[in-house]
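Following: one structure in structure tokens, then a few remarks.
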Amino acid sequence: MVRVDGSGSASSLIHVRGLDKKYYRGGEEIHVLQGLNLDVDQGDFVAFMGPSGSGKTTLLNLLGGLDVPSAGSITVAGDEITHMSRGNLTEWRARHVGFVFQMYNLIPVLTAFQNVELPLLLTKLSKTERRKHVETALGVVGLSDRMNHFPRQLSGGQEQRVTIARAIVSDPTFLLCDEPTGDLDRKSADEIMALILTLVKQDKKTVLMVTHDPQVADRADVTLHLNKGALVEASKLEGARLEGTRSEGVTSGGAR
Amino acid sequence: MKYSTLILANLFRKKIRLILTLGSFFVALFLFGMLAAIRGAFNQGVDVAGADRLVVINRVSLISPVPLSYMDKIRQIKGVKYITHMSWFGGVYQDPKNFFPKFAVDVENQRLVYPELLVSDAEWNNFVKDREGAVVGASVAKRFGWKVGDRIPIKGDIFSGNWEFNLDGIYHGKDAQQDESQMWFQWNYLEERAKDQIKGRVGWYTLRVNNPDDSGRIAKEIDEKFANSSYETKTETEKSFATGFVKQLGNIQFLIITIGSVVFFTLLLITGNTMAIAVRERTGELAVLKAVGFSDRFILLFVMAESLVIALIGGGLGIIASKILAAVHNPIPNVLPYFSVPNQALVMGFVLALAVGLISGIIPAIGAMRLRVVDALRRV
């Protein structure tokens, strides 16, 4: 169940309370997130939408431990990450978060196999074990036959699938996807979304995704809009957009 | 070594740039090695100078002679073990390009003062008996293909006329650093033929003392003995004499250090700039590595490793190449007979390469370490 009204329990997989984020740009204070609450359970697939500059990516960065809030708390799987040191946060990310970026961000001088292997280099797995995990991840995304290809030898869709394989190879607690289909054509975007849905439905992965595309957002269990620094629910169950209205709570896993 | 693939893949990312950066390290350290060889060659006399030897010259200058009569007076000073004299002859063998130093020596005492320059007794005895005899160093004999029994014509310049010498012996240094480029002949023969110029006078004295600790006292006593005479003396250790001789050729060390420093600093700027560009190009990739869990310390070492590998491979090859080239080819054997990159310089070269690698890599590496993932991803 996804909740944005602060009524969720502390046992939620992701538990956010009173999240504030301010930036200072050119001497001006920009209050991006203001007292944001969010509860996400294991296996939820949440889409974040909103106009440019509304704080979608900022929220994703905060949830992924890439940025620190100005105030408030974020607890993931029992770990309060808000006050972790940089070093601890890095280790935490390696264990819990899988990132999928819009621009893929693969290392161009490494093959698909080597790119996917990167997170595993931080583990104590042997070379053979790493190979097994990478082959499995590339199999899941349907690129077993492209292992030794460099990113420049792959299409955009294939590159994004390699990114997804890299994100899931270490079996993280949840995936953060920032515009995963933003740079793809419709067909490739559909393939990527189908893949993400498989991860959610079959592998019970928790996915939090930022998107501009309503069609892509429609595939998520629930879509949340960022409005004036807070999350507002646009429930697919009710079939109506409730922009400007704070949600009372949304049940995840809604009808599609 | 599970990270080696990552490091190597990044190294070979831009092959031309890699080759040029390696090349700049290679050239710089090669130059460093050759400069060290040249410096070593100039200072060879200083390095091999005996700790127990003193040199007595005319206080006015090295080219002004001192009286032969001083020899016995110096010998009487307490602590003096042996004394000999030498005189610069000059002269040209066939062509001025064929330069090698020629000295008129005191045949009775030469070997006592310079025991490290070895000549067989048989050859030496022939030399002593032969008024026109000469002994040359092994490298000169090899250079001109001379063998014992050859007749050597020398055209005089300081001492005019045509001179001919019989080659009676060839001397060898006790070790590789010894100077084997000299020619010796009898001072008596010189005095006989150039009475007007040299009668009763010699170029300088070299003496060995019983105890090097007494060198200061002995030098002082010698100079005091001849103070206020027509030929005042200046006595110093052979090492400072050799150093002074080198200084006459210009401040070689200063030049070498200056050129070396300029090259070193230029290299630092080039490599630092290259590393900074390489890091800037990869900002997004470094951010991704951080995002997936690579620590700040790993990123620091990762960038440093690249810089160090380039420095050590390029610099190492450069210094080794200079060592090999100096060993197989001496570009100016007639001027600098001993031409070799000292092992000390070899080690220092590696240390320098390492230092340049560290210094040039550290700033971009710290920049990469401090990189905020969020900022870096926004720039991509």
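For this structure, a couple of remarks:
- Listed residue pairs exceeding 28 Å between alpha carbons, taken from A:Lys56/B:Lys14; A:Lys201/A:Lys228; B:Lys199/B:Lys225; B:Lys73/B:Lys155; B:Lys97/B:Lys323: A:Lys56/B:Lys14; A:Lys201/A:Lys228; B:Lys73/B:Lys155
- For the options A:His212, A:His15, A:His149, a Gaussian network treatment of chain A with springs between C-alpha atoms closer than 10 Å singles out A:His149 as fluctuating the most.
- Kirkwood-based shape ratio for chain A, expressed as Rg/Rh from alpha carbons: 0.97
- 0 to 90° range, to nearest 10: angle between helix A:86-96 axis and chain A longest Cα axis: 70 degrees
- Given their separation in residues at 0.36 nm each and the Cα-Cα distance between them, A:Arg95 and A:Asp183 gain 28.9 nm when the chain is fully extended.
- The protein assembly as shown, dipole about Cα centre (Lys/Arg Cβ +1, Asp/Glu Cβ -1), debye to the nearest 20: 360 debye
- As a rough footprinting exposure proxy, the listed residues A:Thr90, B:Thr266 were ranked by other beta carbons within 10 Å of their own, and the order from fewest upward is B:Thr266, A:Thr90.
- Measuring r between the beta carbons of B:Leu8 and B:Gln344 and using R0 = 35 Å, the FRET efficiency lands at 0.60.
- Rg in Å to one decimal, and Dmax rounded to a whole Å, for region B:60-231 via C-alpha atoms: 16.6, 49
- Think of it as helices only: each DSSP H run of n ≥ 4 in chain A is worth -39500 (n - 2.57), and spread over all residues that comes to -8500 deg cm²/dmol at 222 nm.
- Counting only residues at least eight positions apart within a chain, or on another chain, the lysines with an alpha carbon under 18 Å from that of A:Lys127 are B:Lys2.
- FRET E, pair B:Phe254, B:Glu221, Förster distance 35 Å, beta-carbon r, rounded to 0.05: 0.55
- The percentage of C-alpha pairs in region B:210-316 whose separation is greater than 17 Å is 74%.
- Distance histogram for region B:254-357 (every C-alpha pair counted, 10 angstrom bins, percent rounded to whole numbers): 13, 33, 27, 15, 8, 3, 0
- Our Cα-only numbers for the protein assembly as shown put the radius of gyration and Dmax at 41.2, 127 Å.
- Only Lys, Arg (+1) and Asp, Glu (-1) charged, at Cβ; chain B dipole about Cα centre in debye: 1800 debye
- Overall Cα dimensions of region B:1-144, principal axis frame, Å, largest first: 77, 41, 34
- Taking the Cα centre of region B:60-231 as origin and assigning +1 to Lys and Arg Cβ atoms and -1 to Asp and Glu Cβ atoms, the resulting dipole is close to 180 debye.
- Comparing A:Asp178, A:Asp39, A:Asp67 in a Gaussian network model of chain A where C-alpha atoms under 10 Å apart are linked, the largest mean-square fluctuation is found at A:Asp67.
- Stokes-Einstein D for region B:59-140, Kirkwood Rh over Cα pairs, 37 °C, 0.692 mPa s (µm²/s): 219 µm²/s
- Percent of C-alpha pairs per 20 Å bin, chain B, short to long: 24, 39, 22, 14, 2
- Computed over region A:1-147, Kirkwood Rh from alpha-carbon pairs, angstrom: 17.5 Å
- Kirkwood-Stokes translational diffusion coefficient of region A:94-181, alpha-carbon pairs, 37 °C, 0.692 mPa s, µm²/s: 260 µm²/s
- Computed over region A:14-94, Cα set: Rg, Dmax in Å: 12.9, 41
- Leading residue at positive end of dipole, the protein assembly as shown (Cβ point charges), from A:Val4, B:Asn330, B:Ile38: B:Asn330
- Relative contact order of region B:60-231, defined on C-alpha pairs under 8 angstrom at six or more residues apart (%): 34 percent
- Within region A:161-178: backbone nitrogen closer than 16 Å to the A:Ala194 label point (7 Å, Cα to C-beta): A:161-162
- The DSSP beta bridges internal to region B:60-231 are antiparallel in roughly 70% of cases.
- Entry note, chain B: relative contact order of 29 percent, from Cα contacts under 8 Å with a spacing of 6+ residues.
- Per-residue Cβ neighbour rank within 10 angstrom, fewest leading, B:Tyr70, A:Tyr24, B:Tyr231, B:Tyr171: A:Tyr24, B:Tyr231, B:Tyr70, B:Tyr171
- Separation in nanometres of the label points that stand 7 Å from Cα toward Cβ, at B:Glu132 and A:His149: 9.1 nm
- Among B:Glu123, B:Glu238, B:Glu281: highest mean-square fluctuation, GNM of chain B, C-alpha pairs under 10 Å: B:Glu281
- Helical runs assigned H by DSSP (4 residues or longer) give chain B a calculated mean residue ellipticity at 222 nm of -17000 deg cm²/dmol, each run adding -39500 (n - 2.57) before division by the residue total.
Read the figures in this text as sums done on the coordinates, not as results from a lab. Owing to the predicted nature of the structure, the values given are computational and were not obtained by experimental measurement. Methodologically, a virtual Cβ is constructed for each residue, glycine included, from the backbone with ideal geometry; neighbour enumeration extends over all protein chains shown.
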